[in-house]
Structures are given as structure tokens and as C-alpha cells.
Amino acid sequence: MKKIVIALGALLLLGGGGAGAYFYFFAPAQASVPEGEEGGDEHVAKEESHGGGGHGEGASFVELDPLILPIIDNSGVTQVVSLVVAIEVGDASAADKVKTLSPRLKDAYIQDMYGVLNERAALKGGVIQVSAIKKRLNSITQKVLGEDVAQDVLLQVVQQRPI
């Protein structure tokens, strides 16, 4: 009788641990959203009011993953530049297209920025010229996505770290 109780206790303990692990590891992630609001993609933020610029009220932004680019010269890596880029689009179909083509877009950004930053064309006195970078990113975005998909490229974070 004692062996049966021990075996039953061990079985309950293992079953409870297995069920707990199942619910912990295999349950879908749920974000904490206030009641009455719909959750959305964390990379797309709707703009409630737009202060002009002719982009319309329905503009949304698709935030890309951060780009981290080393600046290399004859002595090796001299600094690291981090960029966080968001693409302004007019509607949901354009946002979906940006999300779909984001790997290609990031690849084009990295290829162009490596060349520009390493040749020091976008640096003036060791400081990044944000307006030059933004113009280049806008032209690359238009080439990759097409002329009427993206309205603007926003640089949310530009950070330089000397090494």
C-alpha cells in the first residue's frame, strides 16, 4: 500500500510539472493591452495627428530593426554607428509591402551605408551628417519599394560610438 501511494504521488508530481511546463513554454504570448483597445504589431504605430507636410491623416510608420554599422579605415574599426529607421507609409497595404520587403531593404541600406561611411562621404569632422544619410536612405527606399509606397524615411536614433 505504501508503494502505491508513493507511486501515485510521484505520478501526480510529474504530471503537474509536465502540465506546467506545457502551459508555460507552449502557450502563445499575449501582450498586456488595456480593455477596449486592440493590440497591434509593435513595429507599426498609427499617427493620430500629423502636423502638415501633405502626408495625410492615415499615415503609419513601419519601424525596422536597428542597423549597426562599423566604420573601418586603415587601422581597423574606428567607430560603430547605430541607426533606427522607420518608414512612413500611407495605408495598411503599403505597410505590409514594407514588412515583406524589409530584409531586402535592410540589405540595401547596409550595402550603401558601408560604402558611404567607410569612404567618409557622410562624415564631416568625424560626425555623421544626418541630412545626407536621410537623403540616401530615401533614394534607396524608393528604388527597393517603388515610387509610391513609402512617403518618407525617418531616422529615429542615430548613435556613434568611437572604439
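State to the nearest 20 debye the size of the charge dipole of region 80-163 about its Cα centre, where the only charges are +1 on K and R beta carbons and -1 on D and E beta carbons.
On the way: 11 positive and 9 negative charges, 81 e Å.
Using Cβ point charges on Lys, Arg, Asp and Glu, region 80-163 gives about 380 debye.
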Residue by residue through region 126-135, which ³J(HN,Hα) values in whole Hz follow from phi under the Karplus form 6.51 cos²θ - 1.76 cosθ + 1.60 (θ = phi - 60°), with glycine and proline marked x? x, 10, 5, 8, 4, 5, 5, 4, 5, 4
The ³J(HN,Hα) series, computed from each phi in region 76-81 with the Karplus coefficients 6.51, -1.76 and 1.60 at θ = phi - 60°, rounded to the nearest Hz and given as x for glycine or proline, is x, 6, 9, 7, 10, 10
Amide proton proximity set for VAL149, modelled H, under 5 Å, gap of 5+: none
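Taken together, the values in this text are just the output of simple stated rules run on the coordinates, not laboratory data. Predicted model only: the values in this text are computed from it and were never measured. All Cβ positions, even for glycine, are placed from backbone atoms using ideal geometry, and neighbour counts span all protein chains on display.
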